[in-house]
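Asker: One structure coming up, written as structure tokens, with questions to follow.
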Amino acid sequence: MLSQAGQILVNIADNVMVGGLGSTWDEVQNPELGTTALGAVALGNSLFFILMVTCLGFTFGMSPLIAQADARGNTQRVVRVFTHGSLLNIGLTIFLMLVMFFVAPIMRSMGQPPEVVEQALPYLRIVTYSMLPLIIFQSLRQLSEGLSLTKTVAIATIIANLMNIVFNYMLIYGNWGMPRLEVEGAAYGTLLSRIIMIFSLLFAMWYNTKSRFYLLQVKLKKLHYFIIKKLIKLGAPSALQMFFEVSAFGLASFICGLAGKEQLAAHQIALNLASTTFMICTGLGVAATIRVGNQKGLKNYTELKGAGWSAIYMVVAFMFLCGLSFVIFRYELPKFYVDDNQVIQIAAGLMSVAALFQLSDGIQVVCMGILRGMEDVNVPAFITFFAYFGLALPLGYYLTVKQEMGAFGMWIGLGLGLTFAAIFLLFRFYQLSRRFILQNHK
């Protein structure tokens with residue numbers, strides 16, 4: 001959970017520190033500067049997150065296979081899954097990076113504020129390069145976590161986050177003799193910190209006996225197509241699940257941008273905070289994938305069911321507290337990002353809506369992790385597609401643009417989409433776990 005929080009904390013640091021331009025963190029006093037910069041990061045990340053989460057979702061096919069092989073003591077299978085998975089991950093990432101460079105200029109023709117777009121494009125270009133070191137880190141992470149070694153990943157993530165803040169301080173504001181790059185400085189900080197993250201994780205894994213053993217075994221004399229097929233079979237639907245959700249939230253940013261840059265900035269603040277709790281729950285979902293994958297490898301389906309429900313109970317408790325915090329601190333939290341009172345008031349309203357749907361968000365992401373551990377990925381992909389593209393986005397667009405409700409309408413649509421996904425994914429887990437146990441007793 002700490003490791004997943006680390007992924008989004010890089011983005012939070014970027015948002016808070018560019019939002020501080022012209023006010024809190026800056027010698028120049030002009031709040032409009034921070035509002036425009038925050039909108040630029042919102043637009044850039046709305047596209048970048050689609051790339052990032054699609055690639056990360058594809059890597060999730062590795063951990064259940066590694067967990068199953070580790071439970072059986074099959075070291076050769078662990079190494080083969082890691083090497084083949086890493087090659088597939090890097091290949092997909094390079095392809096999607098090229099696609100991103102090609103489609104990014106389309107942003108100019110999507111009705112967004114021109115001053116925001118002009119800052120968003122260079123930010124997006126630079127931060128897209130950070131995807132390659134991130135996916136190398138993620139491949140190493142899938143090996144470490146699939147072996148139930150999670151502390152090494154958390155340590156590397158914490159180091160990267162601290163370095164990102166230092167780089168941001170230097171490059172956004174031009175401190176310590178560095179050039180003042182503003183929004184571009186945040187992108188360079190992210191790129192540098194993600195490169196450091198790879199070496200931090202490798203160092204930590206090398207000093208763990210179990211992970212060092214597997215690193216020393218890594219070699220690729222020939223391709224094993226059945227492993228590639230298995231990784232694609234698990235990874236592609238997982239990537240689609242993540243793509244559907246994040247692209248829905250990304251498109252929501254563009255829809256909110258149609259209502260003005262204040263609505264867009266407020267949406268970005270609420271999304272950034274909600275994404276933090278979502279990413280932490282993704283960490284719990286990864287833990288559920290590994291525990292469920294272990295029990296599936298051992299064919300212990302009663303324990304599998306118990307591991308799944310334990311994760312669901314934990315996420316319900318955690319997200320209830322998060323939702324309560326969003327309501328209580330709905331006016332205070334946006335102040336960390338901007339000093340613009342209009343943006344703060346809009347963001348406070350969005351935080352109230354986000355609070356209502358925290359339980360739905362947590363349940364649906366943990367259920368996806370559980371089902372991934374059970375190697376059930378196709379039906380969940382269909383459920384998430386309908387939830388976001390059949391329900392959340394059409395309703396959100398109607399309320400935001402046609403009913404002129406602004407970003408508030410978009411968040412009602414997103415919340416109802418999350419609730420639909422949570423209900424049907426939870427039912428899918430109940431149905432499958434019951435089927436597994438009944439088949440085992442026959």
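Asker: Mind counting the residues in region 295-310 that are in contact (Cβ under 8 Å) with a residue 60 or more places away in the chain, open to solvent by 60 Å² or more (accessible area, probe 1.4 Å) and assigned to a helix (DSSP H, G or I)?
Answerer: 3
Asker: Right, something else. Only residues in region 227-242 that are under 26 Å from Gly362 (Cα atoms) count as the first member; pair them with residues that are of a type in the set (D, E, K, R) and modelled with pLDDT of 85 or more, Cβ under 8 angstrom, at least 6 apart or cross-chain, and list the lot.
Answerer: Filtered contacts from region 227-242: Leu234/Arg372; Ser238/Arg372.
Asker: Okay, next question. Residues that are free of Cβ contacts under 8 Å to residues at least 12 places away in the same chain and closer than 30 Å to Leu216 by Cα: which helices (runs of 4 or more DSSP H) entirely in region 43-139 hold 2 or more of them?
Answerer: 75-103
Asker: Only one of Ala204, Ala265 is in the same structural domain as Ser109 (by the TED database) and touching a Ser or Thr at 6+ places or on another chain (Cβ under 6 Å); which?
Answerer: Values: Ala265 fails: in the same structural domain as Ser109 (by the TED database).
Exactly one residue qualifies, and that residue is Ala204.
Rundown of residues vs (1) surrounded by fewer than 23 Cβ atoms within 10 Å (Cβ to Cβ); (2) at pLDDT below 90; (3) under 25 Å from Ala42 (Cα atoms), yes/no style:
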position: Val316; (1), (2), (3): yes, no, no
position: Phe320; (1), (2), (3): yes, no, no
position: Phe336; (1), (2), (3): yes, yes, yes
position: Gly362; (1), (2), (3): no, no, yes
position: Val365; (1), (2), (3): no, no, yes
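Asker: Is it the case, given these coordinates, that Leu192 is part of a helix (DSSP H, G or I), open to solvent by less than 30 Å² (accessible area, probe 1.4 Å), among the aliphatic types (A, V, I, L, M) and in contact with a Ser or Thr (Cβ under 9 Å, 6 or more places away or on another chain)?
Answerer: no
Asker: Next question, about the same structure. Residues of region 162-183 being part of a helix (DSSP H, G or I), surrounded by 20 or more Cβ atoms within 10 Å (Cβ to Cβ) and in contact with a helix residue (DSSP H, G or I) (Cβ under 7 Å, 6 or more places away or on another chain), which ones?
Answerer: Correct list: Asn164, Phe167, Asn168, Leu171, Ile172, Val183.
Asker: Residues in region 241-282 that are touching a Cys at 6+ places or on another chain (Cβ under 7 Å) and charged (D, E, K, R): how many?
Answerer: 0
The values are calculated or read from the model by the stated rules, or taken from the named source; none is laboratory data. Predicted model, so just to flag it, every value in this text is computed and none were measured. No Cβ is skipped: glycine too gets one built from the backbone with ideal geometry, and neighbour counts run over all protein chains shown. SASA here: full protein model, heavy atoms, side chains in, ligands and nucleic acids out. Shrake-Rupley method; radii C 1.70, N 1.55, O 1.52, S 1.80 Å.
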